[in-house]
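Please read the structure below before turning to the comments.
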Amino acid sequence: MRTLKPRANQTHRPARIQRLPERVVGLLREVGQLGDDRGYQIYVVGGVVRNLLLGHVTQDLDLTVEGDGIAFARLVADRYGAGLAVFERFATARLTFPDGLKMDIATTRRESYAQPAVLPTVQPASIEEDLYRRDFTINAMAMQLNPGQFGRLLDAYGGQRDLRARTIRVLHAGSFQDDPTRIFRAIRFEQRFGFRLERTTSRLLAQAASTNLIQQLSGPRLQNEILLLFAECDPARAIARLAQLKLLRFLHRRLCYTTNVKRVATAVPKALAWWARRFPDSAIDRPIVYLMALSSESSPVVVAAMIRRLALSRVHAENVSTGGRQVDRALKKLTNTGTVRRSQIFRLLADLSDEALVLLLAKQVSMQHGVRLGLLKRHLVAYVKNRTIKTALTGRDLQAMGLKPGPQYKTILGKLLDARIDGVITTEADERALAHRLLKKSVQQGRSE
Ligand code: ATP
């Protein structure tokens with residue numbers, strides 16, 4: 001690939017930056033002035049500029065400074081009473097303004113990669129060099145903030161052209177090698193915007209994907225890319241794209257991407273929508289549901305290895321490891337049209353997270369069996385309601401009744417809860433009576449043993 005040379009393509013149409021909310025434009029003007037007073041050239045860069053040109057909204061702001069980015073960040077933080085976190089190694093700082101706005105400020109830099117797939121070392125450099133180290137042309141544009149230049153677009157590598165052509169293009173042939181996370185980023189932007197990979201970029205990506213480069217990425221970095229991809233609008237399509245590019249093998253080489261998995265992943269949005277309508281207070285970790293769906297037909301050994309590879313947190317790991325057999329077992333019992341007690345359902349589902357319950361529902365949705373789906377939804381509604389039921393008695397009450405320390409506490413309290421859930425008992429007095437009966441039985445059993 002011919003390396004992209006910077007072109008003198010700098011247009012001054014401040015109108016575009018005015019598309020940001022008024023208070024943000026005001027803030028950027030002031031920050032530009034502050035930079036100017038100190039002799040710094042200040043820019044907004046990357047995704048912010050891309051989104052502005054696409055007419056999309058942007059939450060956080062990325063600024064870059066030709067000069068000392070961290071010193072400038074301190075200045076801005078002081079001026080506006082913003083919270084400040086400094087990352088010396090990367091010459092960046094993150095500001096959180098009192099109204100919640102987040103702003104990253106970095107020093108313009110060049111990057112060099114001692115080895116592929118590891119984090120680069122950075123050195124201060126010009127804005128053109130800073131833009132050149134970026135992932136794709138559409139993310140390699142900047143807008144200046146200094147007064148007199150406010151809103152001037154720097155597009156040295158054809159970012160606007162590629163936005164118009166709806167194309168993802170790397171800036172040089174070694175890009176994926178330097179940083180294989182760009183492989184996943186390319187898919188992320190391709191999917192999000194409905195863009196295409198430019199031909200050479202596509203070839204370079206396939207080439208990089210056919211090597212072991214991605215294997216050299218650390219667990220947390222790979223995890224981050226996968227979860228970001230699964231946080232996009234249509235993760236089922238992103239998964240299909242990963243499969244098409246033979247990238248799933250980097251999660252685990254024996255990960256089973258079957259037609260069933262595909263169907264379940266496609267059914268997740270419906271399950272999520274139903275869940276959100278029914279239980280608006282339950283916040284679901286959506287990317288994890290997709291990771292569970294993706295690994296739901298793989299063996300426990302494969303899932304465990306995938307969890308290790310991605311260095312998932314304990315909570316995520318527990319979640320993902322229940323996505324296969326445990327969910328299937330519960331689903332089978334729940335959609336059985338025979339009668340089941342509410343307490344049985346409770347026991348069946350009690351160990352599953354809400355993400356696992358959404359997956360369970362998605363599995364049923366994917367089977368397109370209306371009657372069973374209706375039944376399952378009723379069970380889930382009852383179950384979630386039953387989760388709020390508590391026993392009036394506690395271990396202390398059992399102790400006061402003379403129960404000796406041991407596993408009986410858990411058993412008896414469990415039975416009391418079951419009876420409450422099934423509506424067999426409704427008052428504290430009922431509970432006490434049942435507890436006495438169970439206690440007596442346990443004493444008798446103890447004697448006969
Ligand atoms: P999003 O809307 O997903 O946040 P973004 O482009 O803002 O998209 P960030 O990850 O916040 O993505 O990165 C900000 C900018 O930093 C990018 O636009 C790009 O210019 C640069 N960048 C981020 N990651 C890389 C990378 N791995 N390699 C090169 N440049 C990168």
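The values are calculated or read from the model by the stated rules, or taken from the named source; none is laboratory data. Note that the structure is predicted; figures quoted are calculated from it, not measured. When we count neighbours, we look across all protein chains shown, and the Cβ atoms used for this are built from the backbone with ideal geometry, even at glycine. Keep in mind that these areas ignore ligands, DNA and RNA; they rest on the heavy atoms of the full protein, side chains included. Shrake-Rupley method; radii C 1.70, N 1.55, O 1.52, S 1.80 Å.
With every protein chain kept in place and ligands, DNA and RNA left out, what is the accessible area per residue of the chain? Probe 1.4 Å, answer in Å².
Value for the chain: 49 Å² per residue.
Using a 1.4 Å probe on the protein chains only, how many percent of the accessible area of the chain belongs to carbon and sulfur?
Solvent-exposed carbon and sulfur of the chain make up 50 percent of the total.
Amide H of Asp62 versus every other amide H placed in the peptide plane: which residues, excluding those fewer than 5 positions away on the same chain, fall under 5 Å?
Under 5 Å from the amide H of Asp62 lie the amide H atoms of Val45, Val48, Asp104, each far enough along the sequence or on another chain.
Roughly how many Å is it from the Cα centre of segment 44-84 to that of segment 355-430, as a whole number?
Taking the Cα centre of each part, segment 44-84 and segment 355-430 sit 50 Å apart.
What does DSSP give for the chain in terms of the percent of beta bridges that are antiparallel, rounded to the nearest 5?
Percentage antiparallel, nearest 5: 80.
Check cross-link reach from Lys363 to the lysines: straight Cα distance under 19 Å, and skip same-chain residues fewer than eight apart.
Partners within reach: Lys262, Lys270, Lys332, Lys333, Lys377.
Which ³J(HN,Hα) values, rounded to whole Hz and listed in residue order, are derived for segment 268-273 from phi using the Karplus coefficients 6.51, -1.76 and 1.60 in 6.51 cos²θ - 1.76 cosθ + 1.60 with θ = phi - 60°, glycine and proline given as x?
4, x, 5, 4, 5, 5
Considering the dipole of the chain built from charges on the beta carbon (Lys and Arg +1, Asp and Glu -1) around the Cα centre, which of Gly323, Gly158, Gly26 is farthest to its positive end?
In the chain, that residue is Gly323.
Just to be sure I follow: if Rg is taken over the C-alpha atoms of the chain and Rh is the Kirkwood radius over the same atoms, what is Rg/Rh?
My calculation of the ratio gives 1.10.
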